[in-house]
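The values are calculated or read from the model by the stated rules, or taken from the named source; none is laboratory data. What you see is a predicted model; the values in this text were computed from it and never measured. Positions of Cβ are generated from backbone atoms using ideal geometry, with glycine treated the same way; all protein chains shown enter the neighbour counts. Keep in mind that these areas ignore ligands, DNA and RNA; they rest on the heavy atoms of the full protein, side chains included. Shrake-Rupley method; radii C 1.70, N 1.55, O 1.52, S 1.80 Å.
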There are 2 protein chains.
Amino acid sequence: MEIAHSLQQTPSSYIREILAAASDKNVISLAGGLPDEKTFPIDLMKPMLEKLSEMPEVFQYGETAGYAPLLSFLRDYFQLPETHMAMACTGSQQGLDLIARAYVNPGDKVVMEAPSYLGAMQVFGLVQANILSIPQTPTGPDLNALETCFEQESPKMFYAVPDFHNPTGICWSLETRQKVAELCTKYNVALIEDAPYRELRFSDEALPLVSDFCPQHAIVLRSFSKIASPGLRIGIVTGKRQYLEPLVKIKQGADLHSSVPMQALLLGLLQHPDFDQHIDAIRTLYKTRYDVLFASLKEMLPDGCEVKNVDGGMFIWVTLPECDTFALAKSLLSNGVAVVPSPVFYADHSKAASALRLNFTNATPEELINAVARLAAGLQVQLNASNQTLVEA
Amino acid sequence: MEIAHSLQQTPSSYIREILAAASDKNVISLAGGLPDEKTFPIDLMKPMLEKLSEMPEVFQYGETAGYAPLLSFLRDYFQLPETHMAMACTGSQQGLDLIARAYVNPGDKVVMEAPSYLGAMQVFGLVQANILSIPQTPTGPDLNALETCFEQESPKMFYAVPDFHNPTGICWSLETRQKVAELCTKYNVALIEDAPYRELRFSDEALPLVSDFCPQHAIVLRSFSKIASPGLRIGIVTGKRQYLEPLVKIKQGADLHSSVPMQALLLGLLQHPDFDQHIDAIRTLYKTRYDVLFASLKEMLPDGCEVKNVDGGMFIWVTLPECDTFALAKSLLSNGVAVVPSPVFYADHSKAASALRLNFTNATPEELINAVARLAAGLQVQLNASNQTLVEA
């Protein structure tokens, strides 16, 4: 049976391949985007896990939009305006897939920063979107390039990760947030704000969501995978009713609804009086790991490599002198450290600046230090070889 | 934001609308397809529900194809050939959606029986399949029509519910199963065998799956919603590796993977020594209700209405003298009984013979008897009115 044309254009997920190779016990993986299993608030979930057996209603078919008590709780939790609704999805990844399926025709223009989240590129690739890339600056997307793009290309939507971007870790400034919201409103471009790392902020107060400045032009994807548990597969999408109703319609065919016991479990967790304290503990843990990784990189990386500090999230982005980062990642793997090379985060691989994404949430400080030592040694060899090639050429 | 063209062609789910109206306490609903909440094997799931809090690994991201211990168990449970694999989906509904997305281009031909499962028509509608309908006989699809269709139209796949069909309750004969498998092989048409009601057999031995006769040309969708719990949203798809790998690729973008705690819970249930006994108890309960509904219909239905016996499943199909079944369903609702009119089960509503689908699994015997009394009274009025109109015309 021949596969559909849409699927023929989707490259296989390089990350999955690296993750598979990285499961080798001799490899320290900074390649994935996994939270540390030890952070899962199982103690806080336990009371609800045990109560589920007294709630037969959660084992029945449920509403497509989600478990009513959860949706009702989220209305306050996210302080949704009267015009808005929340829906539960099978992970926020499904929310993104539903948005793409509900709104994007083949060839429709979708704007993303470059680099960008791989899973979003997959989803928009499946609906055969025309992905337009905007360069990223240290404070967010290049605003001039964004306005030119909105003005000249009339795209349908702008997909963005303003808080601790995957892969670069960049957090948009307040000014950028306001300006992007203004542009989305002015040019009638829907903002798809993906916020999976928002709560993983190491210091200072959270900035407003971009969508707070353009609530009628935005859909927000909320994840609990990084602060609760990814295994549950419950993410939340919020936005005005008119934007979300087509998503509910697609979800009916896609999986009828998401697991109701898992939605009830999430509700129990969010209502637990210790949940905020739990998030603080995760922040502290990840900040410690980040500090170790950042300091080790600063200390050990060869000249020509650059690393920028981040204020939260799960990743550090290391820019390198120009080189074949796929070959580098492969050679580093044989050196015992798994990383992700930059081109996989670009719709057009050839436009990628040489860089690596490093994750710091799922390795101990000792592992992080060892990983950087292996990384630095491997990089040194690679860079020497590149220089040699340049000299010879 | 304008919705995608594919969504513009999908009618809203009439069943959902009826189900909403049917939640009125004064209405007895025979409209849904819900198992009785009291059948959920919560006692058998309880040990695993409590054990989950000692299994941190199930709260982590999981494999897209499914929870390895479950997939490994299913290999034996379904006696899969070496060439085959199982994958876990967010309900078997997602399996169907993944099949449609992985294989169907707009305009590709998909064969279904008429009438057919509404959720399948929605899914194939979303990918803009060209749905070809084959009439159904009491022993399965009309084989001559099916062969002519396969020969002349070269469809990509044939979607079918051979065991206790939704909506008609028909169970394909052994001969039909063998012949359909032969035709799928001969004309290289993939069989999509949807088996959600297979275990709900009231008597005799189960017939082989159709796909048992053409394992290299079939994908099978397995559900636990009717024998365990629909709320979990865990369904299983089996088929040869080559058929399923594209589904896994789509699922990566669709939701990464299905809930791991729910997969572990299902595994615990399937391994419970009392699970087979639990299925027997459900069968007995539903057979009792079926007997009551069937006998009441035979006794009370006006002349001109026909009801055929079934050997399992959840539905009875009542054929009526020609009438406007939408108007009838609406008037029956105001009479206190919810049913589903036949046209919603046809890709082309205008080709539907007048009929109603009645569910017997989620009402007590008393409710079933009362529902039939209301149905019979409402039908009598409607038929008298129709006759009157005919006389006047």
Among the residues of the stretch A:81-89, are any within 11 Å of another protein chain (Cβ to nearest Cβ), in contact (Cβ under 8 Å) with a residue 12 or more places away in the chain and farther than 27 Å from residue A:261 by Cβ? no
Picked from the stretch A:4-21 (must be surrounded by fewer than 19 Cβ atoms within 10 Å (Cβ to Cβ) and in a loop (DSSP other than H, G, I, E, B)), the residue modelled with the highest pLDDT is A:9
Every listed condition ((1) out of contact with any Pro (no Cβ under 8 Å at 6 or more places or on another chain); (2) among the hydrophobic types (A, V, I, L, M, F, W, C); (3) within 13 Å of chain A (Cβ to nearest Cβ)) holds for residue B:143 save (3)
Taking the condition assigned by TED's automatic domain parsing to the domain that holds residue A:209, under 22 Å from residue B:255 (Cα atoms) and among the hydrophobic types (A, V, I, L, M, F, W, C), does residue A:118 pass? yes
The residue that is farthest from residue A:128 (Cα to Cα), considering only those in the stretch B:108-118 that are touching a helix residue (DSSP H, G or I) at 6+ places or on another chain (Cβ under 8 Å) and within 12 Å of chain A (Cβ to nearest Cβ), is B:117
Given the condition closer than 23 Å to residue A:275 by Cβ and either touching a residue at least 40 places away in the same chain (Cβ under 8 Å) or touching a Phe, Trp or Tyr at 6+ places or on another chain (Cβ under 9 Å) (or both), answer yes or no: does some residue in the stretch A:97-112 qualify?
no
Note to self: If I filter the stretch B:53-74 for residues that are under 30 Å from residue B:317 (Cβ atoms) and either modelled with pLDDT of 95 or more or not assigned by TED's automatic domain parsing to the domain that holds residue B:340 (or both), do I get at least one hit?
What the structure shows: no
Over the stretch A:160-182, the set of residues among the aromatic types (Phe, Trp, Tyr) and without any contact (Cβ under 8 Å) to a residue 60 or more places away in the chain is A:172
Somewhere in the stretch A:189-210, is a residue open to solvent by 10 Å² or more (accessible area, probe 1.4 Å) and assigned to a helix (DSSP H, G or I)?
no
From the option list B:185, B:176, B:238, single residue qualifying as more than 15 Å from the chain's Cα centre (by Cα), surrounded by fewer than 18 Cβ atoms within 10 Å (Cβ to Cβ) and of a type in the set (Val, Ile, Thr) is B:185
With the first residue restricted to the stretch A:121-149 and required to be more than 22 Å from residue A:344 (Cβ to Cβ), and the second required to be among the basic types (Lys, Arg) and at pLDDT 95 or above, Cβ contacts under 6 Å at 6 or more apart or on different chains are A:143/A:179
Check: Within the stretch A:273-280, is even one residue over 25 Å from residue A:357 (Cα atoms), more than 11 Å from every other protein chain (Cβ to nearest Cβ), in contact with a Lys or Arg (Cβ under 8 Å, 6 or more places away or on another chain) and open to solvent by less than 20 Å² (accessible area, probe 1.4 Å)?
Finding: no
Residues of the stretch A:285-313 being outside any helix (DSSP H, G or I), more than 23 Å from the chain's Cα centre (by Cα) and closer than 22 Å to residue A:164 by Cβ, in sequence order, are A:301, A:305
Note on the stretch A:341-376: residues of a type in the set (A, V, I, L, M), modelled with pLDDT under 95 and part of a helix (DSSP H, G or I) are A:344
Do we have any residue at all in the stretch B:23-34 that's more than 7 Å from every other protein chain (Cβ to nearest Cβ), in a helix (DSSP H, G or I) and either at pLDDT 90 or above or open to solvent by 80 Å² or more (accessible area, probe 1.4 Å) (or both)?
-> no
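Condition test on residue B:268, is it in a strand (DSSP E or B), more than 9 Å from every other protein chain (Cβ to nearest Cβ) and open to solvent by less than 20 Å² (accessible area, probe 1.4 Å)?
no
Going through B:316, B:282 one at a time, which residue ends up being assigned to a strand (DSSP E or B), within 23 Å of residue B:38 (Cα to Cα) and under 22 Å from the mean Cα position of the chain (by Cα)?
Exactly one of B:316, B:282 is assigned to a strand (DSSP E or B), within 23 Å of residue B:38 (Cα to Cα) and under 22 Å from the mean Cα position of the chain (by Cα), namely B:316.
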Looking across the stretch B:295-314 at residues that are in contact with a Phe, Trp or Tyr (Cβ under 8 Å, 6 or more places away or on another chain) and without any contact (Cβ under 8 Å) to a residue 40 or more places away in the chain, the single one that is nearest to residue B:372 (Cα to Cα) is B:307
Inside the stretch B:43-54, the number of residues satisfying the requirement of being open to solvent by 20 Å² or more (accessible area, probe 1.4 Å) and of a type in the set (A, V, I, L, M, F, W, C) is 2
>> Against the condition out of contact with any strand residue (DSSP E or B) (no Cβ under 7 Å at 6 or more places or on another chain), surrounded by 15 or more Cβ atoms within 10 Å (Cβ to Cβ), over 26 Å from residue A:53 (Cβ atoms) and within 14 Å of chain A (Cβ to nearest Cβ), how does residue B:254 come out, does it pass?
In response: yes
Flagged pairs (Cβ under 8 angstrom, 6 or more apart or on separate chains; first in the stretch A:315-336, of a type in the set (Asp, Glu); second modelled with pLDDT under 90) are A:322/A:386
Of the residues in the stretch B:90-107, those that are more than 8 Å from chain A (Cβ to nearest Cβ) and over 20 Å from residue B:198 (Cβ atoms) come to B:98, B:100, B:106, B:107
The stretch B:57-163: strands (runs of 3 or more DSSP E) wholly inside it with 2 or more residues that are surrounded by fewer than 18 Cβ atoms within 10 Å (Cβ to Cβ) are B:130-137
